[in-house]
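No lab work stands behind these numbers, since they all come straight from the coordinates. Computed from a prediction, not measured in an experiment: that's the story for all the values here.
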Amino acid sequence: MAEMNQATAQHLFEAGAVLILLDVPYGTEIGINMNSWQAAENFKGIKMIPPGLHFIYFRYKVLSMA
């Protein structure tokens, strides 16, 4: 993910969107556009999303119990 300057970060914090995702299972891959993350225990969503159309995706990862 590219670095952003302080002015851009402040603008996105004030005017950007927030995607709230609660109770996402641990290890689920979640992405928006070309960025993806693996959900940890306290994952709650994505913030500072710029205006516009976005591609949001997820993939549930089954963790082996063996």
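Mind listing the Cα extents of the stretch 6-59 along all three principal axes, in Å, largest one first?
Ordered largest first, the stretch 6-59 gives principal extents of 33, 21, 16 Å.
If you line up the long axis of helix 6-15 against the longest principal axis of the chain, both from Cα atoms, how many degrees apart are they, to the nearest 10?
It is inclined by approximately 80 degrees.
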